[in-house]
Each structure stands twice: as structure tokens, then as C-alpha cells.
Amino acid sequence: MHIRPVDLPLLRDELRDTMSVGGHGERAFTRGAAAIGVADPIKMGKAKALVESNTLTQAELFYVTDGMCELASVARESMPVWTLQPDDVPSEHGFIYFDDLPALPSGFPKARIRAATWRPHLGSGGWPDGGLWINWYVERDSIKDYTYIPDGSPRLMLAFFTPAPFSVEQVETVGSLGSPISMTDPKSAEARLLATLKAVWLLMAQPIASVGEATYDRAARRRIERQGQEPPAVRVITLRRQAAQGGSGEGADREWRHRWVVRGHWRQQWLPSRGVHRPTWIAPHMKGPEGAPLLGGEKVYALRR
């Protein structure tokens, strides 16, 4: 399944319409959940399907390109633990599509999570500070070997949910893949997906990312206008090309005799306007003068004053 940024509005509408028709939303949920091994998926029922339909209706649209997907998947592995807060989320309601995420660490290697929605989850379920309710969607064609897919099923199928509290003290919660789950457990599929989403939200606000709006071609515009809509904004998150870094910055008063690779890593940065620390990604780069011999290792220096 190839989805372009300009296809996202109609894909979102397809899911919204599925959820708004009684019974279809529940079937889409249970089939997607069964395909990735959720033993006891929560029944959506008409009320919960309508809530998801309303979330999709209000959602702002985001498209994460393959390069950003790869970076977020790598960067999450070393991302410091931090508590999600409302200001970290780019919109109150959202629908985000991932062009290429690695398969889940499960016994279903072909199953691909492709999208997620989020909405506020305010002050209920023992969450005094509120939080987010995140639903994850699996690509229909990636699960057909694992479960029966009814005719007319949407291209994405709701698979499971992840609650994400804003409470600083609450590091465990209950999702549809296990009870309880730790948001810092590297073996938890939910924790890894949530960490990927948090990494995307961090990175899209930093210079390493470029966030622009999709440009509709005439055919895509007409397809949406035939539905009686104006083409909505789709924010496309891409990896910005990084300029090479030389010997400036820290240690610039020294004369380096070699070049070396600085691996990508996170650095905690204080945000005075919000009064919080947030991880900032430092991209991999070369240090040292052009033309000097390259040393292996993360930071290997050979210098003279």
C-alpha cells in the first residue's frame, strides 16, 4: 500500500466512515487486534466507534516520511525518559501516518503499524492530570496471512490502544496488549511505539526536521473536492539535510590533527519558556579539519596546542 501525503485526507475519511457505521468499527478493531496477537481485545461497540470517528473528524493530519521514521526508530532507543505534557503534542486531536516503521517485535513479522490517532483523555481513570488516548492502526494487507479479512475492510485496521498519562508519577498504565505495561520497558511493543511517536514530536520541533505542507496536484485536489471538501492541510515531516561540521564549537581553539565521527545522541536542553528539560537530538556528524586522516570510534582525539 503506497500512501502519499495528499492521499491522507481520503484515507482519514475512509476510517472515519468505517467507525461511524454501527458494527463496522468493532469488526475493524477485532480483526486488526487478532492479527497482531491481542488475546482479549476490548470491544469497541457503537459508542467507542463514534468517539474514534469524532477524533478522526477533528484530527489534524501528519505524514512522517521514511527518513524521519528511520531516525525516530533509532533515536528512541537512547531517548532519555521524560513525561509527556500537553505542550509536547502538536495538536489536540491528530491522525499521523508513518511511511515506513519497522515491524513490531512480535510473532507476526509481516504486521505493520502504519498510523495512529490521539485525543485528550481528561481527568478520568485515575489520571488527575489527564493524558492522551492513542489508537494504533495496522496495514490491512500486512495481516491477511494471520486472520480473515472481510470484503470491504478499510486499508487500515484498528489494532490496539495505548493510554499516555501526563502524570509525572505514573510510569505504568494499562493498554490492550498487557496489564499493566511500563512505558519504559524496551520489550513492550506499546512502549516502543509510544517512544517512537514521542521522538517524532520532539524531532519535528528541532532543526533536524523540516515540517511543510503537502502540495496537492490537480487529480488529488479534484478527488477531495468531489467529496464536497476543500483539501485540508497535511503537515509533512521530513529529515533535513545536515551540513558537515568541522572544528568549530567546543575545542575550536585547538588544532586537530585528525577527523572523527560523533554519533547521533540526545542532549537534555532547558526550555525557559516552559520551565522543563526536553531531549534535543544531536545528529551524527564529522569533527576535525577537512582532509585530515579519519579515526574510528565515537570520539577519538589527537591534538596539539
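Every number here is computed from the coordinates shown, using simple stated rules; none is lab data. Predicted model only: the values in this text are computed from it and were never measured. Please note: Cβ atoms are built from the backbone with ideal geometry, for glycine as well, and neighbour counts cover all protein chains shown.
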> Once phi is turned into ³J(HN,Hα) by the Karplus curve 6.51 cos²θ - 1.76 cosθ + 1.60 with θ = phi - 60°, what whole-Hz value does each residue of the stretch 3-9 show in order, with x for glycine and proline?
Replying inline: 10, 8, x, 6, 8, 4, x
> Taking the mean number of other Cβ atoms within 10 Å as a proxy for protection, how do you rank 204-213, 158-167 from highest to lowest?
Replying inline: 158-167, 204-213
> So, by mean Cβ neighbours within 10 angstrom, what's the order for 78-90, 218-230, 134-146 with the highest one leading?
Replying inline: 134-146, 78-90, 218-230
> If amide H atoms are built 1.01 Å from N in the plane of the peptide, which residues on other chains or at least 5 residues away come under 5 Å of the amide H of Gly94?
Replying inline: Glu60, Trp118
> If we count every other residue with Cβ under 10 angstrom of Pro279's Cβ, Lys/Arg +1 and Asp/Glu -1, where does the sum land?
Replying inline: +3
